[in-house]
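J.: There's a structure below that I have some questions on.
The values are calculated or read from the model by the stated rules, or taken from the named source; none is laboratory data. Because the structure is predicted, anything quoted here is derived from the model rather than measured. Quick reminder, even Gly has a Cβ in these numbers, built from the backbone with ideal geometry, and neighbours come from all protein chains shown. Protein only, heavy atoms only, side chains kept; ligands, DNA and RNA dropped before computing areas. Shrake-Rupley method; radii C 1.70, N 1.55, O 1.52, S 1.80 Å.
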Amino acid sequence: MTSKTDRIIVPLDVPTQEEAIAKLDQLPQVTFWKVGLELFVSSGAEILHILKQREKRIFLDLKFHDIPNTVAGACRAAGRYGVDLLTIHATGGRIALNAAMTAVNEGASQAGVSPPKVIAITLLTSLTSRDLAMDLKIPLELPEYALQMALLAKESGLDGAVCSPQEVGQLRDICGDEFLLVCPGVRPSWAEAGDQKRSLTPAEAFKAGADYLVIGRPITAAADPVAAWEKICDELAVV
C-alpha cells in the first residue's frame, strides 16, 4: 500500500477547467484528484487528459445510476479514459452492477488501458439515519443498510465501495482486506463539518480500515490550501 498522503484524494469541485488547473498548480504535491459531476459536465474529458499529462491518479466520481443498459454504455465509455477509480450506485441493483463490470473492462480493453477499480456508493454521506427512515422509507438501521449495499457490490464483482468513515470498520471486518473502501466526509478536528453528517478525522478513518480518504473543503476552501494540506500530512505522519 502506498503512503497515507498518496491515499488522500482531493476533489476538483470547481465549475470550470480553468479553476481546476489553478488548483492543480496550487497543490502540485497532491497525487490523487477527484473529478465529479460539476467539473466533468462543464469540461468533459479534457480535464482527465490534463490530469494524465501531469501523471496524476484520477477518481472519476460520476455515480452512475440508471437502467442496466444505460449504465453499461456509460461504464464502457468511462473505461476508455484510463482513470483509477469509478463510482456507480449500488441501488441500481445486481443486474446493473454486473453489466457495469463487464462493460468497463470492454471499454478499457478497446482503448488499451488498465480498467478502473469500480466502487459502489452505499449511501451518500450527507444522509442521516432519519433521512433513511423518514424520507427514503427504508426500514433498516443505517449501518445495516450500508453493509447490505457493500455486500451486494462485492457479490456482483465490484472492487469496493464508498462509505462514511463511521461504517468503514464494520465493512472492513465483513468484506475483507481486498475490498477497497473509500471514505468521503473526512474532516480534520480543526475543520468545519459542512454537510457531512457521518464523519471522522483522517487518522481515525485510516485506523478504522479505510483505503482512501476524500478530503475536499478543509483543503481547497482553506485560506491557505497548501498549509492545510501540509497540516493533514503532518498529522498522519505520526499515526
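J.: So how much accessible area does D61 have, in Å² to the nearest 10, using a 1.4 Å probe?
T.: Ignoring ligands and nucleic acids, D61 comes out at about 10 Å².
J.: Let me ask something else. Using a 1.4 angstrom probe, figure out how much accessible area the stretch 94-170 has per residue, in square angstrom, rounded to the nearest whole. Kindly include the intermediate steps, with their values, before the conclusion.
T.: Details: 3470 Å² over 77 residues.
Heavy-atom accessible area per residue stands at 45 Å².
J.: Sticking with this structure for a sec: Going by average Cβ density within 10 Å per residue, which order do the peptides 67-76, 160-169 take, highest to lowest?
T.: Peptide ranking by packing, descending: 160-169, 67-76.
J.: Which order, highest average first, do 46-55, 99-108 follow once you tally other Cβ atoms within 10 Å for each residue and take the mean per peptide?
T.: 99-108, 46-55
J.: For the chain, go through all pairs of different Cα atoms, get the mean of 1/r, take its inverse, and jot down that Kirkwood value in Å.
T.: Averaging 1/r across every pair of different Cα atoms and inverting gives 18.1 Å.
J.: Then there's this: So how do K154, K56, K207 rank on accessible area, 1.4 Å probe, biggest first, that is with the largest at the start?
T.: Ranking K154, K56, K207 by accessible area, largest first, yields K207, K154, K56.
J.: Please build a GNM for the chain, connecting alpha carbons under 10 Å apart, and tell me which residue among R80, R57, R130 fluctuates the most.
T.: R130
J.: Also: Pop the C-beta distance of T91 and T16 into the FRET formula with R0 = 35 Å and round what comes out to the nearest 0.05.
T.: So, using R0 = 35 Å, E works out to roughly 0.70.
J.: Right, another one. Between H49 and D25, what FRET efficiency follows from the Cβ-Cβ distance if R0 is 25 Å, with the result rounded to 0.05?
T.: With R0 = 25 Å, the Cβ-Cβ based efficiency is 0.95.
J.: Can I ask one more? Between E106 and K63, what is the label-to-label distance in nm when each label sits 7 Å out along the Cα-to-Cβ direction?
T.: Once both label points are built, they end up 2.7 nm from each other.
J.: How big is the shadow of the Cα convex hull of the stretch 84-127, averaged over all directions, in nm²?
T.: Quarter of the Cα hull surface area: 3.3 nm².
J.: Let me ask something additional. Quickly work out the E178-to-M134 label distance, labels modelled 7 Å from Cα along the C-beta direction, and quote it in nm with one decimal.
T.: Going from the M134 label point to the E178 one covers 4.3 nm.
J.: Excluding residues fewer than 8 places away in the same chain, name every one of the lysines whose C-alpha is closer than 28 Å to that of K154.
T.: K4, K34, K56, K63, K117, K137, K197, K207
J.: Within the stretch 170-193, which residues have the backbone N less than 18 Å from the label spot 7 Å out from E235 along Cα→beta-carbon, could you tell me?
T.: 183-193
J.: So what's the stretch 1-46 giving for Rg/Rh, alpha carbon basis, Kirkwood Rh from the mean inverse pair distance? Provide the component values of the computation, followed by the final result.
T.: Numbers: Rg = 11.3 Å, Rh = 11.2 Å.
We get a ratio of 1.01 for the stretch 1-46.
J.: Something else about it: Of all the accessible heavy-atom surface of the chain, with the other protein chains kept in place and a 1.4 Å probe, what percent is carbon and sulfur?
T.: Whole-percent figure for carbon plus sulfur exposure: 51.
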